[in-house]
Structures are given as C-alpha cells and as structure tokens.
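To keep things clear, I will list the structure first and then write my remarks on it.
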Amino acid sequence: TRPKRSTERDGVDYFFVTADAFRKMIDDNELLEWAEVYGNLYGVPRAQVADALNRGCDVFIKTDVQGADTLRRLVRGAVFIFLAPPTMLDLSRRLSRRMTESSETLKLRLEIAESEMQQASLFDYVVVNRHGCLNETVRDIEMIVERERGNRSSLRGSH
C-alpha cells in the first residue's frame with residue numbers, strides 16, 4: 001500500500017494496491033502472509049506462489065523478519081536468507097542517499113533494522129550486501145540456491 005517510487009513499475013517491481021483493496025485480499029485469504037511495516041501494508045499473493053511451485057519453479061519472496069517467521073511455519077522445506085548490510089552505518093548512508101524517506105521514517109527504519117539484525121541467526125543463511133557489490137551478492141545467493149537444489153536432489157535419491 002505504500003506509494004510507488006518514480007523508478008518502480010506496478011506489476012513488475014511490485015503490485016501497488018489501495019489499503020481497501022489490500023484489506024479485501026486479507027479478508028478473502030488471498031495472501032500467504034502479510035504485515036504492516038513502516039505504516040504500510042505488505043503481503044505475498046498466495047496464488048502466485050502456488051502457481052510457481054506447481055510449475056516446479058524456485059520462488060523468492062522478499063519479506064521482513066515478521067514475514068519470514070510466518071512463512072517458516074507455513075512452507076515446509078523453505079530456505080531463508082537474511083540479506084544484511086555490512087554495518088548499520090552503511091545502511092544509514094544507503095537509505096539517506098536514496099532520499100525516499102522523511103527523517104522520522106528513516107529513524108524508524110533504522111531502529112527496526114537494528115532489531116531485525118538481532119534475528120539473523122534464525123535464518124539458514126546470511127548474505128552481506130555490500131554497497132557497489134551487487135554482482136557478488138547475487139553470486140552468493142545463486143550459490144545458496146544451487147547448494148539447496150543439490151540437497152533436495154540427494155534427499156529424493158535416498159529411500
């Protein structure tokens with residue numbers, strides 16, 4: 001329900017909906033998980049995930065620790081990757097440079113991030129996303145996906 005940024009495309013980067021439409025999706029059980037974060041509602045459409053899994057695709061869900069906790073209970077065999085900044089100072093600088101939040105929202109985001117960092121150990125993997133090193137971050141995640149695919153294959157082969 002947050003406003004779309006100028007660089008984002010509805011239906012490509014995210015699906016942007018009104019608060020009323022989002023609440024209807026909740027009432028109609030259309031969301032696998034949802035939460036209020038930074039004063040906005042975020043969620044994962046259940047049908048999209050089910051369709052992709054039924055086609056044998058890997059599904060990546062970008063969520064916060066609240067969403068990960070919910071998904072951990074709902075999706076057997078899911079793998080959780082915590083994407084972390086190198087330091088809180090680095091995160092503060094990145095968010096400030098974006099200039100997408102007011103100073104109050106930025107302060108809240110950093111407070112929440114600090115609290116979420118304390119929960120990184122609950123995830124299967126932690127990947128540090130260094131500024132200017134996106135290719136390395138992507139490579140690290142790809143390696144995790146390949147490792148996990150291999151783990152699934154070896155489990156299917158044993159009886």
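Worth a mention:
- Each 5 Å bin from 0 upward holds the following percent of the Cα-Cα pairs of the chain: 1, 7, 14, 18, 21, 19, 12, 6, 2, 1, 0, 0.
- Over the C-alpha trace of the stretch 46-97, radius of gyration and Dmax come out as 14.7, 41 angstrom.
- For the stretch 1-88, dividing the convex hull volume of the Cα atoms by the residue count gives 134 Å³ per residue.
- Accessible carbon and sulfur surface of the stretch 1-117 relative to its total accessible area, %, 1.4 Å: 53 percent
- Accessible area of the chain divided out per residue, in Å², using a probe of 1.4 angstrom: 70 Å²
- Over the stretch 1-40 - Rg/Rh using Cα atoms and the Kirkwood inverse-distance radius: 0.97
- Backbone N under 18 Å from the Met143 label point (7 Å along Cα→Cβ), restricted to the stretch 100-125: 124-125
The values are calculated or read from the model by the stated rules, or taken from the named source; none is laboratory data. These figures come from a predicted structure and were not determined experimentally. Positions of Cβ are generated from backbone atoms using ideal geometry, with glycine treated the same way; all protein chains shown enter the neighbour counts. Quick note on the areas: whole protein, heavy atoms, side chains included, nothing else; ligands and nucleic acids left out. Shrake-Rupley method; radii C 1.70, N 1.55, O 1.52, S 1.80 Å.
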